[in-house]
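Input: a single structure, listed below in structure tokens.
The values are calculated or read from the model by the stated rules, or taken from the named source; none is laboratory data. Source: prediction; values computed, not measured. As a convention, Cβ positions derive from the backbone with ideal geometry for all residues, glycine included, and neighbour counts pool all protein chains shown. When the accessible area is computed, the model is the full protein with side chains, heavy atoms only, and any ligands, DNA or RNA have been set aside. Shrake-Rupley method; radii C 1.70, N 1.55, O 1.52, S 1.80 Å.
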Amino acid sequence: MTTIPFEARRFQSTAAYYTRYRVPYPDQLIGQVAKRAGLVAGERVLDLGCGPGQLGIAFARLAGATVTGLDPEPEMLEAARTDAAAVGVNVTFIKGSSYDLGPRFAPLKMTVMGRSFHWMDRPATLKALDEITVTDGCVVLFGDRHISSTPDWRQAVNEIAESFAPERNANRERRKSPDWIEHESILLRSPFGDLERISVVRERKLCLDDIVGRAFSTSVTSPQALGAKTAAFEAELRATLLKLSPEGSFLEVVEIGGLIARRG
């Protein structure tokens, strides 16, 4: 089974772009997941691989959960603390990763992961979570699925990323290899094998800055990963996008969802 090697500073330099330019998790989705999971105010939630804390902050704000966020990137944690303070919620953010899971996080009602599970040793992570999650608790994987982009700016971004950052792009491509096992199959073989998906579909209008910022928010084409090639990458990307849409206006249709995994 393919496992992507752990790299603690993989998302260094992305925090400034992540919250602003990644597809957001709608309040409606957070509320639906909290209800289906039976989350009660005050219960403990772990935001694992929290990044800038979007999910953890949302569950604290909308569901009154007692939230801890765990992430290996100090820059992300600082952004998370700033964003939590800005909306007036109390979330504890700790430096660490899935390899640091243990009794200090127990008892958990829910663990949420936003686009982070694929970076982990997934079976080992679920085994560790099983030991610190209450009987009626759950794991929820959040993410987004591209439906369409008009014009097709995503293909342009991917081609330029492959040109400027071939090694980093190869890591991303591992998830398309025959050896990659999808999250659902991993979960079905774990203690959390009862699966339910909740999602919403949104159409979003984007400008050039939105797409460039999205590219900079990824580990493949972050400013830290690109280094001295950052300015050239941005210039080529902007020029390519303007050829696709001289007005600099784009659309995307995206499904944002949460995969709830309970014990069978």
Task: Top-ranked residue of region 72-82 - restricted to ones that are open to solvent by less than 20 Å² (accessible area, probe 1.4 Å) and part of a helix (DSSP H, G or I), ranked as nearest to I57 (Cα to Cα) - done: A80
- [ ] State yes or no: is F192 modelled with pLDDT under 95 and among the aromatic types (F, W, Y)?
- [x] no
Open item on the list: So I57 ticks every box in (1) outside any loop (DSSP other than H, G, I, E, B); (2) within 17 Å of W119 (Cβ to Cβ); (3) touching a helix residue (DSSP H, G or I) at 6+ places or on another chain (Cβ under 8 Å) but one. Which box is left unticked?
Closed with: (2)
- [ ] Specify the residue that is least open to solvent (accessible area, probe 1.4 Å); the eligible residues are those in region 83-136 that are basic (K, R), at pLDDT 95 or above and not in a helix (DSSP H, G or I).
- [x] K109
- [ ] Being surrounded by 23 or more Cβ atoms within 10 Å (Cβ to Cβ) and within 15 Å of D100 (Cβ to Cβ) is the filter here, so list the residues in region 51-69 that pass it.
- [x] G69
Task: Pair list, Cβ < 8 Å and 6+ apart or interchain, from region 79-102 residues that are free of Cβ contacts under 8 Å to residues at least 40 places away in the same chain to residues that are open to solvent by less than 30 Å² (accessible area, probe 1.4 Å) and among the aromatic types (F, W, Y) - done: A80/F93; R81/F93; A84/F93
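Here is a check on your reading of the model: is R44 more than 26 Å from S185 (Cβ to Cβ), over 15 Å from the mean Cα position of the chain (by Cα) and either open to solvent by 50 Å² or more (accessible area, probe 1.4 Å) or modelled with pLDDT of 95 or more (or both)? Before the answer, list the steps.
Details: more than 26 Å from S185 (Cβ to Cβ): yes; over 15 Å from the mean Cα position of the chain (by Cα): yes; either open to solvent by 50 Å² or more (accessible area, probe 1.4 Å) or modelled with pLDDT of 95 or more (or both): yes.
Spelling it out, R44 is indeed more than 26 Å from S185 (Cβ to Cβ), over 15 Å from the mean Cα position of the chain (by Cα) and either open to solvent by 50 Å² or more (accessible area, probe 1.4 Å) or modelled with pLDDT of 95 or more (or both).
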- [ ] Output the number of residues of region 240-264 satisfying the condition of being loosely packed, with under 14 Cβ neighbours inside 10 Å, without any contact (Cβ under 8 Å) to a residue 60 or more places away in the chain and of a type outside the set (D, E).
- [x] 4
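Give V157, V201 a once-over and let me know the one that is β-branched (V, I, T), surrounded by fewer than 16 Cβ atoms within 10 Å (Cβ to Cβ) and either over 18 Å from the mean Cα position of the chain (by Cα) or not in a helix (DSSP H, G or I) (or both). Walk me through how you get there before you give the answer.
Details: V157 fails: surrounded by fewer than 16 Cβ atoms within 10 Å (Cβ to Cβ).
Unique residue meeting the criteria: V201.
Keeping to region 213-231, report how many residues are assigned to a helix (DSSP H, G or I), crowded, with 17+ Cβ neighbours inside 10 Å and either in contact (Cβ under 8 Å) with a residue 40 or more places away in the chain or touching a Phe, Trp or Tyr at 6+ places or on another chain (Cβ under 6 Å) (or both). I'd like the intermediate steps shown before the answer.
Taking region 213-231 as the starting set, the residues that turn out to be assigned to a helix (DSSP H, G or I) are 213-216, 223-231.
Next, from what is left, pick out any that are crowded, with 17+ Cβ neighbours inside 10 Å: 213-216, 223, 225-226, 230.
Narrowing the set further to residues that are either in contact (Cβ under 8 Å) with a residue 40 or more places away in the chain or touching a Phe, Trp or Tyr at 6+ places or on another chain (Cβ under 6 Å) (or both) leaves 213-216, 223, 225-226.
Count: 7.
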